[in-house]
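The values are calculated or read from the model by the stated rules, or taken from the named source; none is laboratory data. Because the structure is predicted, anything quoted here is derived from the model rather than measured. So basically every Cβ, Gly included, is an ideal-geometry build from the backbone, and we count neighbours across all protein chains shown. With ligands, DNA and RNA removed, areas are computed over all heavy atoms of the protein, side chains included. Shrake-Rupley method; radii C 1.70, N 1.55, O 1.52, S 1.80 Å.
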Amino acid sequence: MAPLVAVVSSPRARLFACFLRLGTQQAGPLQLHTGACCTAKNHYEVLVLGGGAGGITMATRMKRRVGAENVAIVEPSERHFYQPIWTLVGAGAKELSLSVRSTLSVIPSRVQWIQDRVAELNPDENCIRTDSGKEISYRYLIIALGIQLDYEKIKGLPEGFAYPKIGSNYSVKTVEKTWKALQDFKEGNALFTFPNTPVKCAGAPQKIMYLSEAYFRKTGKRPKANIIFNTALGTIFGVKKYADALQEIIRERDVSVNYKHNLIEVRPDKQEAVFEILDKPGETHVIPYEMLHVTPPMSAPDVLKRSPVADSAGWVDVDKETLQHKKYPNVFGIGDCTNLPTSKTAAAVAAQSGILDRTMCLIMKNQRPIKKYDGYTSCPLVTGYNRVILAEFDYTAQPLETFPFDQSKERITMYLMKADMMPFLYWNMMLRGYWGGPAFLRKLFHLGMN
């Protein structure tokens, strides 16, 4: 399906967009490729579990530290996805194909790719076991296994996705169903959910709501659309500055928000969604829908939940400043699979990668880590087909903004950065180990203002 093209009126913005759209193109001659897969050995100086954003980034950085022949990645998937763009795919503003490349093409050259799934971690013996039964030992272990989508915890799913009018931007299998449901909408309730668990990119469930509202306005369907956001949380966003801005948008666009509503069942044959009311135990609310976007419950991967490296909730138990494991000093964690008390985003992974690189460098020299992660994370809150509020904040839920202007305002420049510049940074800078977040930009802007 052809994507919905946002209209940008300013000539300067159009010129800026042309430059930024380089981010959607394939990388040139510098694109990393692994050589022919050699026979995997049984021991590595650095073993990386997971070939997502955190895993690839850290494998690249560790290659520079210890040499490619001493680094391996355990990852079963043949495809690597840039998932932050799926919000725009679900709204018809980007094609799904722009979000995917082969895993082979993003693994750093000569780093060993072990195409298998992790079955067991044994940190007391410094080894792991894969699904195929292979045991691999290590000197240092980096865990970057991401987060698990638990659609099956909602009665009626995932089989309900076989029906029309329902989609989810959190899976490659269902993101295009969101766009189909949006196009097919006629009149009634457009329903969007947020679960009662930690999630990756906590802003995404409401981003697609704002985009859908904008689409209905563009297509003349808005008067017949009742837009509802049902969230298990007690607030629209965890940082007050941005929450206040979002509340104003919600009022202006006549969106209904129900707090403490957790989706527990989908009845796709009847087009009904059932919610439990978290602050009224035993009470449920059934809502009919013409369109339903589901944000699934999420949790740590099962292999971590049953491992010694996990905390009581199943997440990798790391020091929040150094990312070093609290019990096993040669084990480290990065990204969504950790218990770091910050929002789980690709921006957070970028910032963490720079800190973890320095942490491991010093530990390898028997020195104490000195660089500390402040919890930096970012959520580009897409509020329309050409507007974004760029939320950036730290562990204390205080704004930690990069640019010398009020980022709680909707801006077209921030949309262009989200849609075009960030993919470019991801494929060409972050995965190559050259992007550790915007901290240096903040320093640059602040020095320039003093």
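Of note:
- Scanning the range 388-399 for residues that are in contact with a Pro (Cβ under 9 Å, 6 or more places away or on another chain) and either free of Cβ contacts under 8 Å to residues at least 12 places away in the same chain or among the aliphatic types (A, V, I, L, M) (or both) yields VAL388, ILE389, LEU390, ALA391.
- Counted residues, the range 221-255 - those being under 24 Å from TYR376 (Cβ atoms) and either assigned to a helix (DSSP H, G or I) or touching a helix residue (DSSP H, G or I) at 6+ places or on another chain (Cβ under 7 Å) (or both): 10
- Filter pass, VAL382 being farther than 25 Å from ARG65 by Cα, free of Cβ contacts under 8 Å to residues at least 40 places away in the same chain, touching a helix residue (DSSP H, G or I) at 6+ places or on another chain (Cβ under 6 Å) and not polar (S, T, N, Q): no
- Test: ALA313 is within 21 Å of PHE194 (Cα to Cα) and open to solvent by less than 20 Å² (accessible area, probe 1.4 Å): no
- TYR259 fulfils the conditions (1) open to solvent by 50 Å² or more (accessible area, probe 1.4 Å); (2) hydroxyl-bearing (Ser, Thr, Tyr); (3) in contact with a Lys or Arg (Cβ under 8 Å, 6 or more places away or on another chain) except for a single criterion, (3).
- Selection status of SER102, open to solvent by 20 Å² or more (accessible area, probe 1.4 Å), hydroxyl-bearing (Ser, Thr, Tyr) and more than 26 Å from LEU304 (Cα to Cα): no
- A Cβ distance below 8 Å, combined with a sequence gap of six or more or placement on separate chains, defines the contacts here; from the range 400-420, residues that are assigned to a loop (DSSP other than H, G, I, E, B) and modelled with pLDDT of 95 or more reach residues that are among the β-branched types (Val, Ile, Thr) and crowded, with 21+ Cβ neighbours inside 10 Å in the pairs GLN407/ILE389; SER408/ILE389; LYS409/ILE389; GLU410/THR383; GLU410/VAL388; GLU410/ILE389.
- Subset of the range 360-389 (residues that are among the aromatic types (Phe, Trp, Tyr) and closer than 30 Å to PRO329 by Cα): TYR373, TYR376
- Some residue of the range 368-389 being in a helix (DSSP H, G or I), among the polar types (S, T, N, Q) and surrounded by fewer than 24 Cβ atoms within 10 Å (Cβ to Cβ): no
- Subset of the range 319-356 (residues that are outside any loop (DSSP other than H, G, I, E, B), more than 18 Å from TYR82 (Cβ to Cβ) and open to solvent by 20 Å² or more (accessible area, probe 1.4 Å)): GLN324
- Within the range 310-326, residues that are of a type in the set (Ser, Thr, Tyr) have Cβ atoms under 7 Å from residues that are buried (at least 17 other Cβ atoms within 10 Å of the Cβ) in these pairs: THR322/THR359; THR322/PRO369, counting only partners at least 6 apart in sequence or on another chain.
- Within the range 209-220, none of the residues are out of contact with any helix residue (DSSP H, G or I) (no Cβ under 9 Å at 6 or more places or on another chain), closer than 27 Å to ARG251 by Cβ, of a type outside the set (Asp, Glu) and part of a strand (DSSP E or B).
- If you check ALA144, ALA72, ALA93 for being closer than 21 Å to LYS207 by Cβ, hydrophobic (A, V, I, L, M, F, W, C) and buried (at least 21 other Cβ atoms within 10 Å of the Cβ), only one passes: ALA93.
- Within the range 106-141, tally of residues that are in contact (Cβ under 8 Å) with a residue 40 or more places away in the chain, open to solvent by less than 30 Å² (accessible area, probe 1.4 Å), closer than 11 Å to TYR44 by Cβ and not hydroxyl-bearing (Ser, Thr, Tyr): 6
- Out of LYS224, LYS207, sole residue that is open to solvent by 10 Å² or more (accessible area, probe 1.4 Å) and of a type outside the set (A, V, I, L, M): LYS224
- Any hit, the range 230-245, residues being in contact with an Asp or Glu (Cβ under 6 Å, 6 or more places away or on another chain) and buried (at least 16 other Cβ atoms within 10 Å of the Cβ): no
- Count - residues of the range 396-422 that are more than 18 Å from LEU441 (Cα to Cα), among the hydroxyl-bearing types (Ser, Thr, Tyr) and in contact with a strand residue (DSSP E or B) (Cβ under 9 Å, 6 or more places away or on another chain): 2
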